[in-house]
1. Which residues, taken from region 95-120, are modelled with pLDDT of 85 or more and assigned to a helix (DSSP H, G or I)?
2. Got at least one residue in region 165-175 being in a helix (DSSP H, G or I) and either exposed (fewer than 14 other Cβ atoms within 10 Å of the Cβ) or among the acidic types (Asp, Glu) (or both)?
3. Tell me whether region 121-133 contains one or more residues that are farther than 19 Å from Ala79 by Cβ and modelled with pLDDT under 95.
4. Scan region 186-203 and tell me whether some residue there is surrounded by fewer than 18 Cβ atoms within 10 Å (Cβ to Cβ), among the β-branched types (Val, Ile, Thr) and part of a helix (DSSP H, G or I).
5. Across region 115-151, what is the number of residues that are crowded, with 24+ Cβ neighbours inside 10 Å and of a type in the set (Ser, Thr, Tyr)?
6. Given the condition at pLDDT 95 or above, in contact with a Lys or Arg (Cβ under 8 Å, 6 or more places away or on another chain) and among the aliphatic types (A, V, I, L, M), answer yes or no: does some residue in region 160-168 qualify?
7. Restricting to region 140-187, and then to whatever is of a type in the set (S, T, N, Q) and out of contact with any strand residue (DSSP E or B) (no Cβ under 6 Å at 6 or more places or on another chain), can you tell me which residue is farthest from Ile3 (Cα to Cα)?
8. When the residues of region 1-13 are narrowed to those that are in contact (Cβ under 8 Å) with a residue 40 or more places away in the chain and either in contact with a helix residue (DSSP H, G or I) (Cβ under 9 Å, 6 or more places away or on another chain) or over 15 Å from Phe151 (Cβ atoms) (or both), which ends up surrounded by the fewest Cβ atoms within 10 Å (Cβ to Cβ)?
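The values are calculated or read from the model by the stated rules, or taken from the named source; none is laboratory data. Fair warning: this is a prediction, and the values are worked out from it, not measured in the lab. Heads up, the Cβs are rebuilt from the backbone with ideal geometry, glycines too, and the neighbour counts pull from every protein chain shown.
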Amino acid sequence: MKIKRFEFNMFPENCYVLSDSTNEAVIIDPGCFYDEEKQALKKYIISNNLTVKHLLNTHLHLDHIFGNPFILKEFGLKAEASQLDEFWLEQAPAQSRMFGFKLEEPMVPLGKYICDENIIEFGNTKLQAIHVPGHSPGSLVFYCKQENCMFSGDVLFQGSIGRADLAGGNFDELKEHICSRLFVLPNETVVYPGHGGPTTIGTEKSENPFFR
């Protein structure tokens, strides 16, 4: 599996494009706000002859969904995410105004709900959705067993964990689910987070200060 990371700048956030030998692909968390960012994402997909099968959101906080309307317009895909986070779509315009800017396009409804343990397939690749609430009610981690990696959104970072002070967040719940759902996976599992650089499950189990 090929992994391409884009870091978008309105709120520095990682978007991932995953593809395999079939040239089928998924996009995870397109936080592209500026036009040049949207065009860079589009150019990568077109120049690599990728067929995007799914648009996945780990959760629906504003910085992870800026590009959802663009992906719908360009590739005909509505986002797939947890129904538990759907209320954030309604709050997106107010959230943007709170940060001093206006959304150029209205947020579009989800195209499909993803539940815990659902399998998302593209090409020869399978991603397992793991529900890890606490940062948001519907936070999902996408785990690829065959490639020994996960895309953790804002649940788990290098040396940190997601904030839990936004609507629906719960600090104790977040820590509990990281331990029970993620730290049971192999230590060598690579973690690709929604912000910052990659890490591994083993590193976070031994070095993350929230779990010492």
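1. Gln95, Ser96, Arg97
2. First, the residues of region 165-175 that are in a helix (DSSP H, G or I): 171-175.
After this cut, where a residue has to be either exposed (fewer than 14 other Cβ atoms within 10 Å of the Cβ) or among the acidic types (Asp, Glu) (or both) as well, the list is 172-173.
Taking every residue of region 165-175 in turn, at least one turns out to be in a helix (DSSP H, G or I) and either exposed (fewer than 14 other Cβ atoms within 10 Å of the Cβ) or among the acidic types (Asp, Glu) (or both).
3. The answer is no; no qualifying residue exists.
4. yes
5. 2
6. yes
7. We begin by selecting, within region 140-187, every residue of a type in the set (S, T, N, Q); these are 146, 148, 152, 158, 160, 170, 180, 187.
Still in the list and also out of contact with any strand residue (DSSP E or B) (no Cβ under 6 Å at 6 or more places or on another chain): 146, 148, 160, 170, 180, 187.
Numbers: Gln146: 14, Asn148: 13, Ser160: 23, Asn170: 31, Ser180: 27, Asn187: 20 Å.
Step by step, filter region 140-187, then rank; the result is Asn170.
8. So in region 1-13, the residues in contact (Cβ under 8 Å) with a residue 40 or more places away in the chain come out as 1, 3-5, 8, 10-13.
Still in the running and either in contact with a helix residue (DSSP H, G or I) (Cβ under 9 Å, 6 or more places away or on another chain) or over 15 Å from Phe151 (Cβ atoms) (or both): 4, 8, 10-13.
Working: Lys4: 16, Phe8: 23, Met10: 16, Phe11: 14, Pro12: 12, Glu13: 27.
The residue in question is Pro12.
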